[in-house]
Amino acid sequence: MGGRNGADERYVVGVDFGTLSGRALVVRVRDGAEVGTAVREYRHGVIEAALPDGGPALAPDWALQDPEDYRDVLRHAVPAALADAGVAPSEVIGIGIDFTACTVLPTLADGTPLCEVPELRQRPHAWVKLWKHHAAQPYADRINAVAHERREPWIGRYGGKISAEWQFAKGLQILAEDPEVYRRAERFIEAADWIVWQLCDVETRNVCTAGYKGIRQDDRYPSADYLTALDPGFADFVAKLDGPLLPLGARAGTLGARAAAWTGLPVGVAVAVGNVDAHVTAASAQALEPGRLVAIMGTSTCHVVNGAQPAEVPGMCGVVDGGISPGAWGYEAGQSGVGDIFGWFVTHAAPAGVNGHEQLTALAAAQPVGAHGLVALDWWNGNRSLLVNHDLSGLVVGLTLATRPQDIYRALLESTAFGTRMIIEAFVEAGVPVTDLVVAGGLTSNRLLMQIYADVTNRPLGIIGSAQGPALGSAIHAAVAAGAYPSIHEASAAMGRVHEAAYRPDPANVRAYDALYAEYRALHDHFGRGANDVMLRLRAIRNAAVDPAAAQTDPALEVLA
């Protein structure tokens with residue numbers, strides 16, 4: 001990359017821990033210029049079939065990771081990014097990180113991951129549970145049922161449902177399925193906070209993950225009475241979660257000797273409080289003001305927007321005071337599959353000759369809206385918002401013998417835009433304004449997809465001015481933690497960037513998509529709100545075929561008895 005300008009410049013490093021790799025970015029403090037970057041692929045990627053080194057097989061819907069892969073990012077990507085930038089380590093004043101969420105791991109009191117304890121190495125529940133670990137859905141169902149029975153005051157802040165992806169569902173699954181691992185877990189911690197612990201040798205918790213993923217509202221977690229009602233053995237769960245809680249942009253500590261050796265940075269560099277990849281991107285997209293929704297689009301999509309006051313939005317992931325930036329109520333929603341859906345089609349369903357994203361996009365772009373005669377549901381990896389049910393599955397309606405690959409591909413693109421429109425409308429109906437969108441992530445390069453989103457949502461769509469929004473956002477937070485800026489808002493104004501209204505709605509397309517969206521919404525409600533639970537039954541049948549023991553416990557199979 002290059003780009004030094006002046007001998008007395010100061011720099012910060014942002015590290016973005018994604019689903020398959022970690023990226024380090026070196027950023028100039030005064031203007032946000034990105035001067036060096038490097039990527040480190042995770043050696044184990046996503047562990048879905050079996051534990052490494054001949055370990056036991058995993059059941060359906062599991063998704064684990066190895067924490068050593070995260071340390072490797074610090075060892076390799078950070079020094080390589082510094083070398084790419086030509087920046088001396090002594091010129092770096094801070095480092096910040098962001099992580100996928102909810103990605104959590106059980107550890108000992110000193111932060112040692114349980115999967116690194118020799119006698120627990122072959123126990124699946126001792127490993128990191130990645131955000132898309134969806135095997136905890138039955139436990140999420142119990143969490144929600146008991147919360148509504150007891151009229152817990154916090155459940156409305158999460159749209160009425162806690163997700164199977166979040167901390168409590170994953171923790172309850174560990175207790176139910178491997179009580180010894182649960183007992184040995186002295187801490188249960190987001191990977192964002194764990195990697196900060198590795199960097200500065202101090203355990204902290206950030207308000208973002210504590211609020212959105214840990215059910216922390218109004219300065220407290222769910223009560224011991226509630227936890228006991230879930231399971232008497234779960235009464236101590238909050239004790240495993242609780243730790244020093246710090247606001248976003250704060251300094252968690254300073255770089256320790258061990259992490260300095262890994263990264264090549266000096267001991268004592270400021271370490272920012274951890275953050276979530278989506279939420280930290282709002283700063284790099286200059287989207288901290290209420291009403292500007294950021295959609296971070298990759299394998300999945302996370303939608304974040306600030307509001308001036310709290311509101312309960314059905315089906316949302318949560319609303320948290322200061323969850324995106326101090327001084328505002330941050331709202332989060334999301335779709336569990338977006339880029340993953342397009343990738344699935346290209347890899348597994350598109351025939352030879354038209355099995356590339358660029359070719360399919362070009363063919364799909366040549367047809368007018370509605371010409372394929374299809375509508376799809378975007379639940380190929382379950383539904384995060386609004387239905388909060390990861391046992392739901394995908395659907396394409398309207399297939400005929402004349403249907404071509406590009407038709408299906410375009411219908412899948414449109415389905416994800418329809419899902420985003422559902423989320424926007426839920427916000428607006430609950431009194432949370434959404435005036436415009438800013439899109440970040442790898443999918444911004446698909447011009448057809450971006451125009452579809454502008455047309456379906458009928459809103460101007462800006463594009464973040466960085467290909468590495470989360471890493472830049474982490475660097476912005478690092479600059480605040482290092483004292484270079486007094487607040488995230490001022491750092492965002494100086495270091496973030498966005499191409500305003502890069503796509504504008506086409507009125508004719510807006511009208512055509514309104515008709516298709518009406519069909520999407522009808523299917524959404526029919527299959528997602530209880531009129532027909534065929535998707536849940538099919539998944540239960542599949543799970544029972546793979547693991548016959550599941551047939552004894554899955555309530556979805558009771559109707560087949």
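The values are calculated or read from the model by the stated rules, or taken from the named source; none is laboratory data. Here the structure is a predicted model, which is why all the values come from computation and not from measurement. With ideal geometry, Cβ positions are generated from the backbone for all residues, glycine too; neighbour counts draw on all protein chains shown. Surface accessibility is based on the protein's heavy atoms, side chains included, excluding ligands, DNA and RNA. Shrake-Rupley method; radii C 1.70, N 1.55, O 1.52, S 1.80 Å.
Just a few scattered comments:
- Residue satisfying condition, being out of contact with any Ser or Thr (no Cβ under 7 Å at 6 or more places or on another chain), over 30 Å from ASP53 (Cβ atoms), outside any loop (DSSP other than H, G, I, E, B) and open to solvent by less than 20 Å² (accessible area, probe 1.4 Å), within set ILE162, ILE143: ILE143
- Qualifying residue in the range 344-359 (condition: modelled with pLDDT of 95 or more and in contact with a strand residue (DSSP E or B) (Cβ under 8 Å, 6 or more places away or on another chain)): yes
- Scanning the range 508-533 for residues that are open to solvent by 30 Å² or more (accessible area, probe 1.4 Å) and in contact with a Phe, Trp or Tyr (Cβ under 7 Å, 6 or more places away or on another chain) returns no hits.
- Criterion violated by SER325 - all others in (1) out of contact with any Phe, Trp or Tyr (no Cβ under 8 Å at 6 or more places or on another chain); (2) part of a helix (DSSP H, G or I); (3) open to solvent by less than 10 Å² (accessible area, probe 1.4 Å) satisfied: (2)
- Matching helices (runs of 4 or more DSSP H) fully within the range 181-267 where at least 1 residues are touching a Ser or Thr at 6+ places or on another chain (Cβ under 7 Å) and either open to solvent by 40 Å² or more (accessible area, probe 1.4 Å) or not charged (D, E, K, R) (or both): 191-200
- Number of positions in the range 89-126 that are over 16 Å from ARG71 (Cα atoms) and of a type in the set (A, V, I, L, M, F, W, C): 9
- Restricting the first member to the range 343-365 and to residues that are closer than 22 Å to GLN451 by Cβ, and the second to residues that are loosely packed, with under 13 Cβ neighbours inside 10 Å and of a type in the set (S, T, N, Q), no beta-carbon pair is closer than 7 Å while six or more apart or on different chains.
- Hey, GLU358 of a type in the set (D, E, K, R) and open to solvent by 40 Å² or more (accessible area, probe 1.4 Å) or not: yes
- Test: residue in the range 108-122 that is open to solvent by less than 10 Å² (accessible area, probe 1.4 Å) and touching a Gly at 6+ places or on another chain (Cβ under 6 Å): no
- Any hit, the range 270-282, residues being in a loop (DSSP other than H, G, I, E, B), open to solvent by less than 40 Å² (accessible area, probe 1.4 Å), out of contact with any strand residue (DSSP E or B) (no Cβ under 8 Å at 6 or more places or on another chain) and not polar (S, T, N, Q): no
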